[in-house]
Amino acid sequence: MKFFVDTADTTAIAELNDLGMVDGVTTNPSLIKKSGRDILEVTREICNMVDGPVSAEVVAVDADSMIAEGRALAKIAENIAVKVPLTWDGLKACKVLTGEGRMVNVTLCFSANQALLAAKAGATFISPFIGRLDDLNLDGLDLIADIRDIYDNYGFETQILAASIRTANHMSDCAKIGADVATAPPGVIKAMANHMLTDKGLAQFLKDAAEAEIKIV
Ligand code: E4P
């Protein structure tokens with residue numbers, strides 16, 4: 001499973017990228033707002049930092065304007081994936097932009113039917129939002145599994161990009177289901193390293209090392 005990092009914070013991206021943990025980046029208008037930076041400037045900087053796809057989201061709502069914004073975003077760098085919402089106009093924009101050879105990430109997916117439409121429209125990525133479904137006492141992981149089944153049934157090449165990931169367990173659960181990509185905030189990716197038995201075991205080893213006066217260099 002590829003790891004995308006869900007942020008426009010370039011410091012956080014750099015730290016994970018140095019460890020080889022970043023296969024791509026996803027942003028959205030809320031993350032751009034949080035960064036406090038100009039969308040074109042920060043997206044260009046991110047594209048220069050990472051080799052993989054960098055999703056940048058349109059803010060128009062009609063297909064023609066989305067297409068115009070998508071073309072402008074795609075000019076930033078070769079690795080831009082234009083992010084469009086899963087609306088009828090978004091699907092139209094997806095079809096046109098992928099037809100021009102651009103990567104398109106169809107976002108705000110909350111149902112298997114929406115994912116089916118995105119695949120038919122030629123989406124490069126479909127972004128089902130796990131956490132926002134879980135917030136409503138629905139099961140976001142069930143949606144990932146349903147889309148995996150549907151895409152595999154028909155050989156759709158659209159990649160399942162599990163989004164709205166809130167916990168480290170979401171990451172391993174998505175990997176078990178077979179999501180192609182999971183995008184998570186930097187803190188969630190770092191939290192995957194945590195285990196209380198690791199902390200407990202390390203404390204004991206350090207105590208014993210000190211008592212045995214173990215020195216290596
Ligand atoms: C990813 O593409 C989405 O922008 C993101 O995962 C949304 O996450 P949230 O529901 O935590 O805002």
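Hey, any hits in the range 116-131 for a residue that's part of a helix (DSSP H, G or I), away from the ligand (no atom under 14 Å from the Cβ) and open to solvent by less than 20 Å² (accessible area, probe 1.4 Å)? For the range 116-131, residues part of a helix (DSSP H, G or I), away from the ligand (no atom under 14 Å from the Cβ) and open to solvent by less than 20 Å² (accessible area, probe 1.4 Å): present.
Identify all residues within the range 74-88 that are within 13 Å of the ligand (Cβ to nearest atom) and not in a loop (DSSP other than H, G, I, E, B); write none if there are none. Of everything in the range 74-88, those that are within 13 Å of the ligand (Cβ to nearest atom) and not in a loop (DSSP other than H, G, I, E, B) turn out to be ALA81, VAL82, LYS83, VAL84, PRO85. When you look at ALA163, is it buried (at least 24 other Cβ atoms within 10 Å of the Cβ), in contact with a helix residue (DSSP H, G or I) (Cβ under 8 Å, 6 or more places away or on another chain) and in contact (Cβ under 8 Å) with a residue 60 or more places away in the chain, yes or no? Against the criterion (buried (at least 24 other Cβ atoms within 10 Å of the Cβ), in contact with a helix residue (DSSP H, G or I) (Cβ under 8 Å, 6 or more places away or on another chain) and in contact (Cβ under 8 Å) with a residue 60 or more places away in the chain), ALA163 qualifies.
Look at the range 86-97: where a residue is over 8 Å from ALA63 (Cβ atoms) and modelled with pLDDT under 95, no partner that is not small (Gly, Ala, Ser) and not in a helix (DSSP H, G or I) sits 6+ places away or on another chain with Cβ atoms under 7 Å. Listed by position, the helices (runs of 4 or more DSSP H) enclosed by the range 134-217 that each have at least 2 residues that are more than 16 Å from the ligand (Cβ to nearest atom) are 140-154, 168-177, 196-211. The set of residues from the range 57-73 being open to solvent by less than 20 Å² (accessible area, probe 1.4 Å) and in a helix (DSSP H, G or I) comprises ALA63, MET66, ILE67, GLY70, LEU73. Name the single residue that is farthest from the ligand (Cβ to nearest atom) among those in the range 1-17 being open to solvent by 50 Å² or more (accessible area, probe 1.4 Å) and not in a helix (DSSP H, G or I). That would be MET1. Out of ALA191, ALA168, ALA203, one residue alone is surrounded by fewer than 15 Cβ atoms within 10 Å (Cβ to Cβ), in contact with a helix residue (DSSP H, G or I) (Cβ under 6 Å, 6 or more places away or on another chain) and farther than 25 Å from LEU97 by Cβ. It is ALA191.
Mind checking which residues of the range 18-56 are within 12 Å of the ligand (Cβ to nearest atom), in contact with a helix residue (DSSP H, G or I) (Cβ under 8 Å, 6 or more places away or on another chain) and not in a helix (DSSP H, G or I)? Residues satisfying the conditions are VAL25, THR27, VAL54, ALA56.
The values are calculated or read from the model by the stated rules, or taken from the named source; none is laboratory data. Just so you know, these numbers come straight off a predicted model, no measurement behind them. All Cβ positions, glycine included, derive from the backbone under ideal geometry; neighbour counts span all protein chains shown. Remember, those area values only see protein heavy atoms, side chains included, never the ligands or the DNA or RNA. Shrake-Rupley method; radii C 1.70, N 1.55, O 1.52, S 1.80 Å.
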